Amino acid sequence: MSQHYPALLVIVPLLSALLISAAGWLNKRLCFPIAVAALSVASFSSVGLLFRVLDEKVVLYKLGGWSPPWGIAYSVDYLNGLVLVVVSVVALLNLIATQRSVEQEFSEKIGAFYTLYILFVTGLLGIVVTGDAFNLYVLLEIASLTGYGLIAMGEDRAPLATLNYLYMGTIGASFGDRVSLYCNRFA
Amino acid sequence: MSDLIPFIIAKYNYWIFITLMMIGMYAMIAKNNLVKKIVGMNIFQTAIILFYVSIGAKKGATIPILEHAHGDAHGAVSHTVEVAHYINPLPHVLMLTAIVVSVATLGVALALAINVYNRHKTLEEDEIIDQIKGI
């Protein structure tokens, strides 16, 4: 179990985002508990991972046992471990603290909100944990697209402002994938 | 001046991509209609995809699959792999993902444009800003 912490950190929120969007159709009251459970697992594994990093200095996790030139490797050092703990624990606390206001503001869109929120946290955790530039680009896009979705759920000027943000973000990501290609080339 | 023209012609594909990219950038900055801006964004992304596909291409090279590498009848014959004969697949693979992402971005952008239209009954940006200021 403890050697799979880096994978659990990303896979559990990713799959539970699918579950939450299904729960949004069936029973809206299930959305919040699933989201809390997913982020609790992520926080637990990030804390466990931090303790492993303190022992081993650098934790290298090969997804599916494939080593780096072909497979995807997750690598976590001291800074990564700390940032993972901060991101996952703050996301969990924020989720619990804002439960009531989310229910008031998005009473009919609650499933969509929690799906986007969990996917966004997945993207952020993935960006920190991954050791592969190609993977980084994909997770960056996950985080930014769900970010557009979350901002667009606001009132009044939100859609227009999101559209402006989307133009900027797309240009930025276009240059980001150029950087990731060069990282791959010279790594 | 006489050196400049062969230089431009030798790298004509890059000039085409830069022109496309600037057309997209211009549309995103200068156009007033939100759908035209989204189309400009798509042109920008397409220019980048074409650029990558172009830098991945190699004259006289083929796809990076070794023929008869396994189960060869003459197993003792060692194959030397000439790098110049094979294309590096990395830029093309990266662009496969970028195409998927650009389609997803286009979908999100168009959904937002529909949302803006439902709220303001127009897609012209100056009219929307007037409405926002008027409220």
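The values are calculated or read from the model by the stated rules, or taken from the named source; none is laboratory data. What you see is a predicted model; the values in this text were computed from it and never measured. Glycine gets a Cβ as well: all are built from the backbone with ideal geometry, and neighbour counts include every protein chain shown.
All of A:Gly123, A:Gly172 fail the test of being modelled with pLDDT of 85 or more, closer than 25 Å to A:Ala7 by Cβ and assigned to a helix (DSSP H, G or I), apart from A:Gly123. Residue selection: A:Tyr117 satisfies the criterion of being crowded, with 20+ Cβ neighbours inside 10 Å and at pLDDT 90 or above.
The set of residues in the range B:76-135 being facing chain A (nearest Cβ under 10 Å) and either outside any helix (DSSP H, G or I) or in contact with a strand residue (DSSP E or B) (Cβ under 6 Å, 6 or more places away or on another chain) (or both) consists of B:Asn88, B:Ile135. One residue alone among A:Val89, A:Val129 is among the aliphatic types (A, V, I, L, M) and in contact (Cβ under 8 Å) with a residue 60 or more places away in the chain, and that residue is A:Val129.
Condition (residue is buried (at least 20 other Cβ atoms within 10 Å of the Cβ), hydroxyl-bearing (Ser, Thr, Tyr) and at pLDDT 90 or above) applied to the range A:126-135: is it met by at least one residue? No; the residues of the range A:126-135 include none that is buried (at least 20 other Cβ atoms within 10 Å of the Cβ), hydroxyl-bearing (Ser, Thr, Tyr) and at pLDDT 90 or above. Candidates A:Gly81, A:Gly64, A:Gly48: the one that is out of contact with any helix residue (DSSP H, G or I) (no Cβ under 9 Å at 6 or more places or on another chain), under 18 Å from A:Pro6 (Cα atoms) and part of a helix (DSSP H, G or I) is A:Gly64. Of all residues in the range A:145-163, those that are more than 9 Å from every other protein chain (Cβ to nearest Cβ) and outside any loop (DSSP other than H, G, I, E, B) total 5. Evaluated against (1) farther than 21 Å from B:Lys31 by Cα; (2) in contact with an Asp or Glu (Cβ under 9 Å, 6 or more places away or on another chain), B:Arg119 falls short on exactly one condition, (1). Does A:Thr115 satisfy the condition of being of a type in the set (S, T, N, Q) and within 19 Å of A:Gly149 (Cβ to Cβ)? So A:Thr115 fits the description; yes.
A:Ala42 falls short of the stated requirement of being assigned to a helix (DSSP H, G or I) and free of Cβ contacts under 8 Å to residues at least 40 places away in the same chain.
Conditions tested, residue by residue: (1) assigned to a helix (DSSP H, G or I); (2) of a type in the set (S, T, N, Q); (3) modelled with pLDDT under 80.
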| position | (1), (2), (3) |
| --- | --- |
| B:Ser2 | no, yes, yes |
| B:Ile5 | yes, no, no |
| B:Ile23 | yes, no, no |
| B:Val39 | yes, no, no |
| B:Ile43 | yes, no, no |
| B:Ile65 | no, no, yes |
| B:Asp72 | no, no, yes |
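The residues listed here are A:Asp55, A:Asp77; of these, the one that is at negative phi and surrounded by 12 or more Cβ atoms within 10 Å (Cβ to Cβ) is A:Asp77.
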